[in-house]
Amino acid sequence: MSLRAIAYVSDAVEDLDGAGIDHILAEASSFNRVAGVTAVLMFDGQRFVQYFEGPDDGVDSVYQRVLNARSHVHLRELAHGEVATRHFPRWTMASARIDAEVLSGIVDTEWRGFTAAAPVDGQRRVGFARMLELWTGVSGELEPAAVTLGS
Ligand SMILES: Cc1cc2nc3c(=O)[nH]c(=O)nc-3n(C[C@H](O)[C@H](O)[C@H](O)COP(=O)(O)O)c2cc1C
């Protein structure tokens, strides 16, 4: 079974509060579990970055929900393609509040080639590598972060 992943950045709508974020996380987590999708969500107070992965049909249905969500606007895809393996196998929707500079460091850089098992033709998967390191440290997966978004 092939696995696919999508990463994007988007702007939260202005009136989104902690309760709204809690709602997104709860809805997303239960839907993702059924869809077989694993995901991480980062938020700097204004922008979201999300990465999610799973089987084609699960990823398609989650993406449709993400695209239809009214809680964010200006969604920009960073990467979309096949992945060799799950990078976050245990997390249906892990979330973390991160600094704006850290988020910028993840999105304002090269994501091309993130789907290859190894960088191709000198492509450096800088954005993806930074995101991965944020969640897993340098020596493998850490325990899921406590849900730190929302109220
Ligand atoms: C940043 C963000 C990430 C989301 N991630 C997921 C997800 O991983 N899985 C899912 O089923 N829905 C996801 N959603 C959709 C939420 O379930 C949806 O926003 C929530 O039900 C509230 O709907 P509303 O944003 O239209 O008010 C996401 C929405 C946003 C804004």
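Brief remarks on what is shown
- Test: residue in the range 7-24 that is away from the ligand (no atom under 13 Å from the Cβ) and not polar (S, T, N, Q): yes
- Filtered residues of the range 32-41 (kept if more than 15 Å from the chain's Cα centre (by Cα) and within 8 Å of the ligand (Cβ to nearest atom)): ALA35
- Cross-chain or 6+ apart pairs with Cβ under 8 Å, the range 28-42 first and free of Cβ contacts under 8 Å to residues at least 40 places away in the same chain, then near the ligand (Cβ under 6 Å from one of its atoms): PHE31/VAL62; PHE31/ARG65; ALA35/VAL62
- Filter result (within 8 Å of the ligand (Cβ to nearest atom) and buried (at least 21 other Cβ atoms within 10 Å of the Cβ)) within the range 42-68: PHE43, PHE48, GLN50, PHE52, VAL62
- Scanning the range 65-85 for residues that are under 21 Å from VAL34 (Cβ atoms) and either at pLDDT 95 or above or under 12 Å from the mean Cα position of the chain (by Cα) (or both) turns up ARG65, VAL66, LEU67, ASN68, ALA69, SER71.
- Residue within the range 25-40 that is under 17 Å from LEU132 (Cβ atoms) and in contact with a Leu (Cβ under 9 Å, 6 or more places away or on another chain) present: yes
The values are calculated or read from the model by the stated rules, or taken from the named source; none is laboratory data. Model, not experiment: these values are computed from the prediction. For neighbour counting, all protein chains shown are included, and Cβ atoms are generated from backbone atoms with ideal geometry for every residue, glycine included.
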